[in-house]
């Protein structure tokens, strides 16, 4: 990411070091020696509002709104990236399935690969949580996920990953038993195959069966529910009822449509953001070239004046070398 030095900010925005220091002391902008492109936009906003004599409290609210918009956009971009990763994972899974048929690999060999992919996905998406892969040969689920919020464990989600030629009810039955043994709140089976007439997300005897492309979206919903129930101190009885209601919603057609809408809109937002950033970069590049041209012209002007009065050296090139 391109960084702008303090001197660059002063020159580009045409503000003084005293102005910038004053804003820093007032807490309107963080003190720094280098600035990101977004920081540059915030200082520009601060300059424009200050020139209109807007009250500091209003300026602070405006800058905080910009920061919130940036954070919202970042979350949407991350969601879009995760959605793209899920699509790639789906395509990779389909390619691997075709390759398995050609190479004659066993289902067990392929299952281990999908388990590793799921573990890496979860660890990347939920860095603050405690996620561990269960070693081969140990009974239980493939992955155990403890949800952490403010240093406290909110709940537990366990996972199995299956990449097989056909669906088997035993997949869900085994994970349900693991859920009870672990005392987990939720059990998710990432599978490329579903029971007859089922697809995308399905509730099979208390186990959520989800396609690899939908797993992260489902986990986001479940994780948020666990955190909220902890914060609200929901009783065990009410917790069970809410979980049943949540299962029903997640496996509904309405939820599937909402997830698809989120993915589609996030993709559009990411594309729009990229276009906007590119437009800003072109504008700043053009302005930087103009500034350099102005500086060059001023240097030439000063040299000619110095030459006339007899104080010039060998020209602007000599000054620059010095």
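The values are calculated or read from the model by the stated rules, or taken from the named source; none is laboratory data. Since this is a predicted model, take the numbers as computed values, not measurements. Glycine gets a Cβ as well: all are built from the backbone with ideal geometry, and neighbour counts include every protein chain shown.
Values as computed for the structure displayed
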| item | result |
| --- | --- |
| Number of the condition not met by residue 243 [criteria: (1) farther than 24 Å from residue 119 by Cα; (2) part of a helix (DSSP H, G or I); (3) at pLDDT below 75] | (1) |
| Unique residue being in the same structural domain as residue 190 (by TED's automatic domain parsing), in contact with a strand residue (DSSP E or B) (Cβ under 8 Å, 6 or more places away or on another chain), modelled with pLDDT of 70 or more and in a strand (DSSP E or B) when the list is 172, 128, 161, 141 | 161 |
